[in-house]
Amino acid sequence: MAESPYFRGISSLLRPGGSFLLADLFCDRASSEFGALLDAWLASYASHGVAAPELEKDRAHIENDIAFVSESELLELLHEAGFDAPIRFYQTFLFGGWAMTKRV
């Protein structure tokens with residue numbers, strides 16, 4: 001896997017031991033969880049009154065325009081950028097949050 005200039009740039013701005021919180025979409029598209037989580041996410045939207053055409057537009061956007069990475073790939077990118085032991089502290093559907101520190 002290639003290194004991430006984005007995460008390397010963030011790491012370069014932090015002192016050793018500095019904290020970093022990341023919140024972003026993630027999932028392995030090839031996993032059985034991806035479809036189930038996407039369906040659950042859209043069902044949640046629908047339960048709040050989002051109309052079917054908007055749901056289909058959102059599904060197409062998520063399936064075609066977002067470059068998902070698996071959590072293991074994400075953790076590898078963070079490690080390569082100089083972060084130690086990210087801890088996932090949050091997940092809802094395809095969205096997660098991790099807390100970590102810059103390697104000393």
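Read-outs: derived from the displayed coordinates by stated rules, not from any lab. Just so it is clear, the model here is predicted, and its values are computed rather than measured. So basically every Cβ, Gly included, is an ideal-geometry build from the backbone, and we count neighbours across all protein chains shown.
What the table shows:
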item	result
Single unsatisfied condition, residue 70 versus (1) touching a Cys at 6+ places or on another chain (Cβ under 8 Å); (2) more than 28 Å from residue 9 (Cβ to Cβ)	(2)
Residue selected from the stretch 1-22 under the condition surrounded by 11 or more Cβ atoms within 10 Å (Cβ to Cβ) and of a type in the set (A, V, I, L, M), by the criterion nearest to residue 74 (Cα to Cα)	22
Odd one out for residue 88 among (1) in contact with a Gly (Cβ under 7 Å, 6 or more places away or on another chain); (2) exposed (fewer than 14 other Cβ atoms within 10 Å of the Cβ); (3) not polar (S, T, N, Q)	(2)
Hey, residue 17 touching a strand residue (DSSP E or B) at 6+ places or on another chain (Cβ under 7 Å) and at positive phi or not	yes
Matching residues, the stretch 93-104, being over 13 Å from residue 33 (Cβ atoms) and not aromatic (Phe, Trp, Tyr)	97, 99, 100, 101, 102, 103, 104
